[in-house]
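Taking it in order: structure first as structure tokens, then the write-up.
Every number in this text was worked out from the coordinates using simple rules, so none of it is lab data. Here the structure is a predicted model, which is why all the values come from computation and not from measurement. As a convention, Cβ positions derive from the backbone with ideal geometry for all residues, glycine included, and neighbour counts pool all protein chains shown.
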Amino acid sequence: MATQDFGARDGEVTAGLPENFDVGLYYIGRIRTPWKHRKDCPKNARESDAVCTVEVDPRWREGLKDAETCSHLVLLYWMDKAPRNLVLQVPRHYGSQHGTFALRSPARPNPIAMSVVRLLGIEDGILSVVGLDCLDGTPLLDIKPYYASTDSVPEAMVGWRQAQR
């Protein structure tokens with residue numbers, strides 16, 4: 001992957017990163033998608049019907065017990081190729097500057113991403129899902145059941161995005 005894929009765009013602002021990390025994480029698997037380059041990834045997970053696979057590390061596979069009963073899951077993953085020092089960004093599809101914490105961009109101090117995926121099936125610790133927007137090989141951090149009764153907030157809004165429409 002070319003380094004320029006992840007450099008700061010015109011109008012973007014970076015910050016200095018701390019010298020030390022505060023926590024440690026365990027990758028529990030890897031996500032397999034058709035996308036090898038940033039430019040090829042969908043803008044968001046709802047833009048693609050691609051069937052992707054989630055390979056759970058064998059040591060964690062017992063944790064999948066009963067996950068097959070879920071229609072949808074929340075996947076948390078680590079966008080390991082994303083820059084971590086951007087505080088102001090100019091997303092290519094919006095073209096105007098916004099703060100990192102007002103965006104769902106992978107570029108953030110801790111590049112944790114989240115997608116609600118539709119579970120198609122699980123076989124031998126490999127989940128088949130629809131609803132991802134990350135690069136092939138992205139490290140998986142966690143899997144949680146999606147509860148429509150508590151996770152959905154239909155009245156939620158992002159004010160700056162409403163103003164751009």
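Per-residue ellipticity at 222 nm for the chain, helices alone: DSSP H runs ≥ 4 residues times -39500 (n - 2.57), over residue total, nearest 500 deg cm²/dmol? All intermediate terms of the calculation are to be shown ahead of the outcome.
On the way: 2 runs with 10 residues, N = 165.
-1000 deg cm²/dmol, from helical runs alone.
Roughly how far apart, in whole Å, are the Cα centres of region 6-77 and region 113-156?
Using only Cα atoms, the two centres lie 9 Å from each other.
Sorting L75, L103 on the 10 Å Cβ count, fewest up front, what's the list?
On the way: L75 26, L103 18.
Ranked by crowding around the Cβ, least crowded first: L103, L75.
Of the candidates G29, G125, G95, which one comes out as most mobile in a Gaussian network treatment of the chain with C-alpha springs shorter than 10 Å?
Taking springs between Cα atoms under 10 Å, the residue moving most is G95.
Given a 10 angstrom Cα cut-off, can you work out which residue in R61, R32, R84 is the most mobile in a GNM of the chain?
Maximum fluctuation in the GNM of the chain, among the listed residues, is at R61.
For Rg/Rh (Cα atoms, Kirkwood Rh), which listed value, [x] 1.15; [y] 0.97; [z] 0.94, comes from the coordinates shown?
It is the value labelled [y].
Roughly what would the spin-label model give for V87 and S149, points 7 Å off Cα along C-beta, in nm?
Result for the modelled spin labels: 4.3 nm.
Efficiency by 1/(1 + (r/R0)^6): what FRET value for E68 and E19, r their Cβ-Cβ distance, R0 = 45 Å, to the nearest 0.05? Spell out each step's value before the answer.
Working: r = 44 Å, r/R0 = 0.97.
Step by step, r from the Cβ atoms, then E = 0.55.
Return T100, T69 ranked ascending by Cβ neighbour count within 10 Å, so the fewest neighbours appear first.
Values: T100 18, T69 8.
So the ranking, lowest neighbour count to highest, is T69, T100.
Identify, among G131, Y26, L120, the residue whose Cα sits farthest towards the positive end of the charge dipole of the chain, taking +1 on the Cβ of Lys and Arg and -1 on the Cβ of Asp and Glu, with the dipole about the Cα centre.
G131
If the elastic network links every pair of Cα atoms under 10 Å, which of P154, P145, P111 fluctuates the most in the Gaussian network model of the chain?
It is P154.
List the relative contact order of the chain as a percent without decimals, with contacts defined as Cα pairs under 8 Å and 6+ residues apart. Can you show the working numbers first?
On the way: 297 pairs, mean separation 55.5, N = 165.
Averaging sequence separation for qualifying contacts and normalising by length gives 34 percent for the chain.
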